[in-house]
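FYI, it's all coordinate maths here, none of it is from the lab. On a predicted model such as this, the values are computed, not experimentally measured, just so you know. Cβ coordinates were reconstructed from backbone atoms using ideal geometry, including for glycine residues, and neighbour counts include every protein chain displayed.
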Amino acid sequence: MPAPSREALTEQLNARFSPAGLRRRRWRRALHTFTWVTLLAGLSGLKRAVDFCLALALVVLLSPVIVLIALLRRPALEKTPRVGRWCEPFDELALTGPGIFRRIPVLFNILRGEMSFVGPRAVSPGELTPRQRDARKRYSARPGLICLWWIRKRSNIAYSSEAEFDAEYVESQTLRGDFGIALRAIPALLYGEGVAVTQDVVSILDISIHNLTMSDALEWIVERCRGTSPGQICFVNADCANLACRNQDYLGVLHKAELVLADGIGMKLAGKLLGSEIRQNVNGTDMFPRLCEALSGTGLGIYLLGARPGIAALVRDWVAEHYPATIVSGCRDGYFTAEQEPEVVREIAASGASLLLAAFGAPRQDHWIRQHLADTGVKVAMGVGGLFDFYSGRIPRAPVWMREIGAEWVYRFIQEPRRMWRRYFVGNAVFLWRVLRRRGGGGK
């Protein structure tokens, strides 16, 4: 198609910037803005209607309890100052004293439009920092009884800040999403509160777990990569704990490792049963992208070793696409013979990598690292199991909502039932039996 002439371009520009053209553009912008405001208002209105009807139904249903408590307690209500939608102050209502009915009066906050069933946490005025006052998006939603951050904290996967989870909720808010969050709150109640203060080292079935958060573990790795002495990291889940109970050599490797981290909901439940709370689910799969980000621009390289032929190369490509400033010093599959082992170790050492990720599966990967760590020249080495399969795209990872309710293992079973049924249905039952025996004072 021939290019427009100079005269035609001049005519178009004159029409575009003429008074009539400018008016048309203003009207189009106004119509676009009106459309989006109408859609958002419609969503907000529908959510408000659902909140109101549900709260009213619950108030009617629980009215005998409310009246009885009001008659028995003096004063019956207590008020806590909160910051609501658009930073407007309000008083959150609660019954005085402890009890399962303590939060019933919040239903009246919902009826009045001060709160919602699902939304960001209702903060107190003292938590409203100047930076938060400018975050209008976060305060465009009514505070809720249930929030995304609360669920992930209870599931031990609250790796980001509360503000980031609030922004995620506001940006993706839908009625369907709110319903899903409400459903996920049910299993979250069973997991108990997320903990911040507990023992630094927790013993589960004679395995000493370093009770770190994800950020603590990342800081440890980066600092160790810059150091002089090498260190081994082991991730321990319920299956690994069962293996350690049967395999004393593997248990010995775990005892010698510089860092042993709790992986999976099974370890959280075990810690709770044994009276030793696990701070966070620090697993390799969730750690990997955060680790790539932490190493980005540092000059500290990663070597990827393991999995099927071609898989490690795909993970290298994933890192190059998502974290271009992170160095992958080399990669190689895990299909090599004992005779080829010295060559593999020399290749890792020659790469200059600071961090080695070995994906052979437990306990082989942990034995291999313990045996060859010093000769590889890396400063940190960790066994990462099936991590490469996820980031190569060979196996999709469970959706976030399944991880929030601790059901990622169900998703893995559905993907590979023949390989995983024994590990999850038999192995998890054996692990729980061992933990309960230990709790009752029995042996292994």
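Within the straight-line cut-off of under 20 Å between alpha carbons, the lysines reachable from residue 153 are 268, 272, sequence neighbours fewer than 8 places apart in one chain being disregarded.
The order of 339, 223, going from fewest to most other C-beta atoms within 10 Å of their C-beta, is 339, 223. For residue 322 and residue 248, a Förster radius of 60 Å and the Cβ-Cβ distance give a FRET efficiency of 0.90, rounded to the nearest 0.05. Multiplying the residue separation of residue 186 and residue 335 by 0.36 nm and removing their Cα-Cα distance gives an extension gain of 49.2 nm. Between residue 401 and residue 174, the simple spin-label model (points 7 angstrom out along Cα→Cβ) gives 1.0 nm.
Sorting 166, 200 from the fewest to the most surrounding beta carbons within 10 angstrom yields 200, 166.
Report note on the peptides 148-160, 74-86: ranked by the mean count of other C-beta atoms within 10 Å, highest first, their order is 148-160, 74-86. Rg then Dmax, both in Å and based on the Cα atoms of the chain: 27.7, 93. Relative to the globular-protein estimate of 2.2 N^0.38 Å, the Cα radius of gyration of the stretch 201-439 stands at 0.98.
Across the stretch 290-320, the residues whose backbone nitrogen lies under 19 Å from the label position 7 Å along the beta-carbon direction of residue 213 are 290-295.
The packing ranking, built from the mean of other Cβ atoms within 10 Å per residue, places the peptides 349-357, 413-421 in the order 349-357, 413-421, highest first.
Going from the residue with the fewest nearby Cβ atoms within 10 Å to the one with the most, 368, 433 rank 433, 368. When the P(r) of the stretch 212-283 is calculated, the portion above 14 Å amounts to 63% of the C-alpha pairs. The alpha carbon convex hull volume per residue for the stretch 43-191 rounds to 119 Å³.
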